[in-house]
Amino acid sequence: MSTALTIAGLTLKELSRRRVVLAALVLTAIILGLAAWGFASLPRASCGRNPCSEVQIRSAASILLIMMMFMISFVIALGAAFLAAPAIAGDIESGVALSILPRPIRRRDVLLGKWLALAGVITLYTLVVGGILMAIVSLATGYQPPAPLLAVAYVAAEGVMLLTLALLGSTRLGPMACGIMAVVLFGVAWMMGVAGAVGMIFQNQAITNIGVIASLILPTDGLWRAAAYHLSPTFLLATAAQVGVSGNPFIVAAPPTPAYHVWAAVWLVAVLALAAYSFERRDL
Amino acid sequence: MRCSTLPTASSNSPAPHVAGSTTVNAPLPQPEGGAAGAAIRTLDLVKQYGSITALAGLTMTVGRGEVFGFLGPNGAGKTTAVKLLVGLTRPTAGQAWLLDVPIGDRVTRRRIGYLPELFRYQDWLTAREVLALHCALADIPAAERPREIEHTLETVGLAARGGDRVGTFSKGMQQRLGLGVALLGRPEVVFLDEPTSALDPVGRRDVREIVRGLKARGATVFLNSHLLSEVELVCDRVAIVDKGRVVALGSLHEVIGGAQAVRVRLTGLNGAGHAALHSYGDVRHEGDWVTVTGLDADAVPDLVADLVRAGVQIHAVEPRHDSLEDRFLQLLTRPDDAAVEDTS
Ligand SMILES: Nc1ncnc2c1ncn2[C@@H]1O[C@H](COP(=O)(O)OP(=O)(O)O)[C@@H](O)[C@H]1O
Ligand SMILES: [Mg+2]
């Protein structure tokens, strides 16, 4: 365990020394600044001839907030993939691993240390960015989503899930290939999630099954849907039900089932264990 | 005179055990040195990468406290052997023991140091931080770490640069740092894979001093090299490997044999001159220079006299001190399965 902590500390030091953290903070500040500007101008918007009503503003704010969070979840997923992809593969490629691994340590502890540090960074980043975004919306428009903290937690979990997958790839692939693999899989899983929802509307069993299978293989999309659900106020869901947009990945009417939660947790532990096993068996 | 050879080279050992699944009690070949146990033992160690055979049945024993040279041309399997011993890869077949424990054992690795051939250290850390990291990973007691780090920086000649980032180091300085990493915690066995590849002559001499220091405190040094002169200066025993197997193993004297060599620069070489040369030993031509190996040192004046009598003009005569190199070439130009014997 002390090895894992040593490696976790080293990984954090690397992120800060390589200015990854600084770059992320600057970019985030720009995004949040733009968001603040946008949301602040929302109450002054006009709907037709008259100024918008309270309800109209809150509806717009709720939809915009979901879109913003989707974008942030996307950035976080990309960030997770590109932080984790070189975590093991980069050390192997550069040769740093050659001097570290013959030490009296277990490779799985090295992997766990990297995972702890990166998962911590992703979670903290999501909490901070999500929190600031919620605060901006609340201050600018007076709107608060039903369960902001839960929504942010699900987005963080999505990032951690992708991070874990990329870490598994990192034990076998080169850093580039691994990053690309993680991002492509993430995109495919999202598309399949949309396809599955569309299949349900049209009651097409084959398309629904594709969606279900994809969400079992890589359950990231289910986590996004959970986040979207917790960001969707009842009035929005009611309107959506009338208009019939239930295939929409941004407006989700039902929370994920307990079975999904169990599967997501099992998936995470299993992939992490597989990554450890794969790293242990890797010839260097 | 005769060099001890162990090219049993059975790439199909009858009961291939993957190391780690074997107990220490398995019957072992006795170490040459005797009672203290061996630092390193391998038995028909085989490593295959797909269709490439990197090691084809490596069998050898390195006694404790020995400085052992592992010599061979590029691609002979030297780096592969070391990677197997330090646990970076697993053998395809065969067995090996490090300090009498089957390889792959984590705790035993507390007692080794390793400088990889392709050394790289975190370039965003300072040299001191790299050493501190390895102290932590090697489980060196926290109280001893600062002294250990400063002492190591001193030993490898980086005391003045300890606070600088590795990214600002030259390749040679990074190799010095790598040596330092390998020396941390007074390891019992130190593996150095081409330790002077990036070093200038001063660095090479420093490495020799470090190796002698290790020997003086009883550590075992396993030195991979294709540079014969390096090995000649510091090693007690050497193994010469080629194509994944040992082609000669023994003390330097045994491997080189008693043979001497002489280089002669000459012009006007005629048939009689040729005959004279060949009557003294193996002849190799390099431009105007002719190297005669396997002749008695006392025979050099006679050789020169014979050449002069044959009408050959002699411009220079010098003894070859780099006789290991001749032996090396001799061994490697032999057909694969020929028994290795002295030709003298
Ligand atoms: N990871 C690897 N994958 C495939 N082939 C390898 C690998 N490592 C070494 N080899 C091959 O094994 C042989 C021995 O290599 P190596 O042990 O590095 O030789 P040396 O250190 O003596 O120069 C070479 O033919 C090399 O190409
Ligand atoms: Mg090598």
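Computed from the coordinates by the stated procedures, all read-outs in this text should not be read as laboratory data. On a predicted model such as this, the values are computed, not experimentally measured, just so you know. In this analysis, Cβ positions are derived from the backbone assuming ideal geometry, glycine residues included, and neighbour counts consider all displayed protein chains.
Things worth noting here:
- Between segment A:193-216 and segment B:215-231, the alpha-carbon center distance in angstrom: 65
- Mean separation of Cα contacts under 8 Å (6+ apart) over length of segment B:258-321, as relative contact order %: 51
- DSSP bridge orientation in the protein assembly as shown - percent antiparallel, rounded to nearest 5: 70
- For the protein assembly as shown, alpha-carbon Rg relative to the globular expectation (2.2 N^0.38 Å, N residues): 1.32
- Quotient of Cα Rg and 2.2 N^0.38 Å for segment B:102-212, N being how many residues it contains: 1.01
- Local charge for A:Ala140 was computed over the other residues whose Cβ lies under 12 Å away, with Lys and Arg +1 and Asp and Glu -1, and equals +2.
- Per principal axis, descending, Cα span of segment A:76-144 in whole Å: 58, 20, 12
- Modelled FRET efficiency - R0 51 Å, A:Thr234 with A:Lys13, Cβ distances, 0.05 increments: 0.65
- Gyration tensor analysis over the Cα atoms of segment A:141-237 returns equivalent ellipsoid semi-axes of 27, 21, 9 Å (largest first, whole Å).
- Spin-label model distance (nm) - A:Ala29 vs B:Val308, 7 Å beyond Cα toward Cβ: 8.7
- Inter-chain Cβ neighbour average for residues B:115-123, partner chain, 10 Å: 5
- Percentage of interatomic Cα-Cα distances in segment B:2-254 larger than 33 Å: 18
- Alpha carbon convex hull of segment A:70-216, projected area averaged over orientations, nm²: 10.9
- Helical segments meeting 27 Å axial Cα length and Kyte-Doolittle 1.0 threshold in chain A (DSSP H): A:20-41, A:54-94, A:107-141, A:148-170, A:175-201, A:258-281
- For B:Thr220, the residues 5 or more places off, or on other chains, whose built amide H falls under 5 Å of its own are B:Gly65, B:Val189, B:Val190.
- Overall form of segment A:1-142 per C-alpha gyration tensor (a/c, 1.5; a/b vs b/c): prolate
- Evaluated with a Cβ-only charge set (Lys, Arg +1; Asp, Glu -1), the protein assembly as shown carries a dipole of roughly 2220 debye about its Cα centre, given to the nearest 20.
- Mean projected area (nm²) of the alpha-carbon convex hull when segment B:153-307 is viewed from all directions: 13.1
- Calculated P(r) tail over 33 Å for chain A, as whole % of Cα pairs: 29
- Potential lengthening of the chain between A:Met176 and A:Val271 amounts to 32.2 nm, from the contour at 0.36 nm per residue minus the alpha-carbon distance.
- Long-range tail of P(r) for segment B:53-109 (Cα pairs > 19 Å, %): 29
- Once you reduce segment A:114-176 and segment B:160-212 to the center of their Cα atoms, the two points are 43 Å from each other.
- Our summary gives segment B:2-254 a relative contact order of 29 percent, counting only alpha carbon pairs under 8 angstrom and 6 or more residues apart.
- Taking all pairs of distinct alpha-carbon atoms in segment A:106-172, Kirkwood radius in angstrom: 13.4
- When the alpha carbon gyration tensor of segment B:258-321 is reduced to an equivalent ellipsoid, the three semi-axes, largest first, read 17, 12, 10 Å.
- Taking a ≥ b ≥ c as the square roots of the eigenvalues of the Cα gyration tensor, an a/c ratio of 1.5 or more together with a/b no larger than b/c marks segment B:76-141 as oblate.
- Considering only segment B:146-293, percent of DSSP beta bridges that pair antiparallel, nearest 5: 75
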